[in-house]
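Some notes on the structure that comes next.
The values are calculated or read from the model by the stated rules, or taken from the named source; none is laboratory data. Predicted, not measured: the structure shown is a model, and the values here were computed from it. Cβ placement follows ideal geometry from the backbone for every residue including glycine, while neighbour counts extend to all protein chains displayed.
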Amino acid sequence: MVFSAGAIRVAAEGVASVSPSPAQGVTVVTNLSESTLILVAGIVMLLALVVLFVFRRFIVNSIAGILAILALSLFGVHISINLLTIAVVAVLGLVGVALLIILKLAGVTI
């Protein structure tokens with residue numbers, strides 16, 4: 001049984017034949033079994049989870065910091081949200097927001 005979609009043909013025995021265009025005449029044949037594809041997909045998913053786990057702290061700190069900056073703007077302390085302030089808040093968390101407030105009160109423009 002052969003499945004065909006555009007320039008990609010996949011046979012039931014796990015052989016994929018990819019031809020970019022008939023004019024080029026280039027054919028790449030890859031013998032990947034189903035278990036190999038599942039292994040590769042598992043590795044990609046594991047790497048995605050590791051990246052998400054590593055950057056989770058930065059994501060949570062960034063969201064908490066931006067919410068704190070927006071809440072402070074309701075009380076009259078306006079801190080601009082740009083790449084630098086987001087980086088400070090992402091690394092330092094709410095301590096970064098306090099640092100930005102101190103810099104704002106000291107007259108330092110960020």
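General observations
- Within the stretch 74-110, the set of residues being surrounded by 12 or more Cβ atoms within 10 Å (Cβ to Cβ), free of Cβ contacts under 8 Å to residues at least 12 places away in the same chain and of a type outside the set (Val, Ile, Thr) comprises 87, 98, 99, 103.
- Only residues that are touching a residue at least 12 places away in the same chain (Cβ under 8 Å) and not β-branched (Val, Ile, Thr) were counted in the stretch 64-73, giving 4.
- Tally, over the stretch 67-106, of residues that are farther than 27 Å from residue 55 by Cα and either touching a Gly at 6+ places or on another chain (Cβ under 6 Å) or at pLDDT 90 or above (or both): 2
- Number of the condition not met by residue 64 [criteria: (1) at pLDDT 90 or above; (2) touching a Gly at 6+ places or on another chain (Cβ under 7 Å)]: (1)
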